[in-house]
Amino acid sequence: MKVCVTGGAGFIGGNFVHHMVRKYPEYEILNLDLLTYAGNLETLKPVEKEPNYRFVRGDIADRDFIMDLFARERFDIVVNFAAESHVDRSIEDPGVFVRTNVLGTQVLLDASREYGVKRFHQVSTDEVYGDLPLDRPDLFFREDTPLHTSSPYSSSKASADLFVMAYHRTFGLPVTISRCSNNYGPYQFPEKLIPLILSRALADEKLPVYGKGENVRDWLHVADHCEAIDLILHRGREGEIYNIGGHNERTNLEVVKTILKVLDKPESLISFVTDRPGHDLRYAIDPAKIEGELGWKPTYNFDTGIRQTVQWYLDNRDWWENIINGEYAGYYEKMYGNR
Ligand code: NAD
Ligand code: TDX
């Protein structure tokens, strides 16, 4: 089995490459990544010498490059993680989100069609469903919840999903889509809430919480996400969408306070800042389909997962300090300076 993992130098794609390289020594895993600001080959160090792993640098939106690569490699499976993934950046500069997330996905779909890929899996997000009200804890996202996006990021991901389903219906391409809730765990880029709070709390810096911190996210450990995608690739039904989430809803303030408690840092570091425009109120996944059809169950709950994650960031300071001290250094001032 030859598997192309796009975006494998990012957070979730990197964890997925680790998972696949170790679990399936008989598969060939090719990691295709452009190495944008979010891509980091340090993440692949633990597997880079494995005989079933290769890295190729390239852009999923570069049609000529992708067609050449697919003609040469004849992949059986494509798993598309490559994306611009940060909502705040999509508010600053939506254009690149359309190029990578929509056009890039469509180029991969064309190449998959042309060169007989047996399964195209699109890694999507619960953000395509928009948000749920804070005062209706009985409501959850199901696979048939209408698409209702809020940000340029989620709009680009929803557009990509529509193209994936259109290629299935119109051309018979064997596709699956997964829509996962917020991930956390090792190797997450420090622009996202949990690693941002962790890295700043360790330096006794102010912790920016948007609005009142009452927005709710449904947190899933990245290892549980990777296992779910593995199951969908091997046992999921073509043309189907699977929601992935483990019922671990927390307000942002609860998340920040939990991290401070684990690190033994004071809550006085918390600083409430101007809210994100269009900020989604609550995400919550109903995972009944993947649990019932594929027997998936998460192995972490938030309390065990966050402790493991904090420990990972403490044990792997080089990984994130290199990022914070590098090109990323001006990002915080630019995004948070006037809030
Ligand atoms: P990330 O930003 O950490 O990584 C994205 C990777 O894609 C990087 O390695 C980057 O270099 C690469 N990339 C970007 N543009 C590219 C291009 N044009 N060609 C090739 N490679 C390119 O993202 P992540 O958090 O790991 O998210 C991975 C996927 O999972 C995304 O599709 C995202 O929408 C989805 N997702 C993320 C979450 C989450 O909580 N992080 C939740 C649900 C779904
Ligand atoms: O500094 C911050 N302060 C803050 O209060 C940051 C960066 C975030 N927040 C809030 C905004 C959100 O309510 O924390 C919550 C989580 O924010 P992010 O980490 O930016 O994630 P989110 O916007 O929820 O989107 C994430 O989950 C779905 C991923 O980034 C997406 O790629 C994924 O699709």
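The values are calculated or read from the model by the stated rules, or taken from the named source; none is laboratory data. For clarity, every value in this text was computed on a predicted model and none was experimentally measured. Positions of Cβ are generated from backbone atoms using ideal geometry, with glycine treated the same way; all protein chains shown enter the neighbour counts. To get the accessible areas, we keep the full protein, side chains included, count just its heavy atoms, and leave off ligands, DNA and RNA. Shrake-Rupley method; radii C 1.70, N 1.55, O 1.52, S 1.80 Å.
Worth a mention:
- Loop-located GluC sites (Glu not before Pro) in segment 26-59, at most 10 other Cβ atoms within 10 Å (DSSP): Glu26
- Most to least packed among 76-82, 314-320, 191-197 [average Cβ atoms within 10 Å]: 76-82, 191-197, 314-320
- Charge dipole of the chain (Cα centre as origin; +1 on each Lys and Arg Cβ, -1 on each Asp and Glu Cβ, all else neutral): 260 debye, rounded to the nearest 20.
- Proximal charge balance of Pro94 [Cβ under 13 Å; K/R count +1, D/E count -1]: -1
- Accessible area per residue, Å², the chain with all protein chains present, probe 1.4 Å: 42
- Percent carbon-and-sulfur accessible area, segment 1-128, ignoring ligands, DNA and RNA, probe 1.4 Å: 49
- With contacts taken as Cα pairs under 8 Å and at least 6 residues apart, segment 129-204 reaches a relative contact order of 16 percent.
- The sum of -39500 (n - 2.57) across all DSSP H runs of n ≥ 4, divided by the residue count of the chain, sets its helix-only mean residue ellipticity at 222 nm to -12000 deg cm²/dmol.
- Charges were assigned to the Cβ only: +1 to each Lys and Arg, -1 to each Asp and Glu. The resulting dipole of segment 110-174 about its Cα centre is roughly 360 debye.
- Selection among Val3, Ile306, Pro25 by position relative to the dipole of the chain gives Pro25 as farthest towards the positive end (Cβ unit charges, Cα centre).
- J(HN,Hα) series, segment 46-55, from Karplus relation 6.51 cos²θ - 1.76 cosθ + 1.60, nearest Hz, glycine and proline x: x, 10, 5, 9, 5, x, 9, 10, 9, 10
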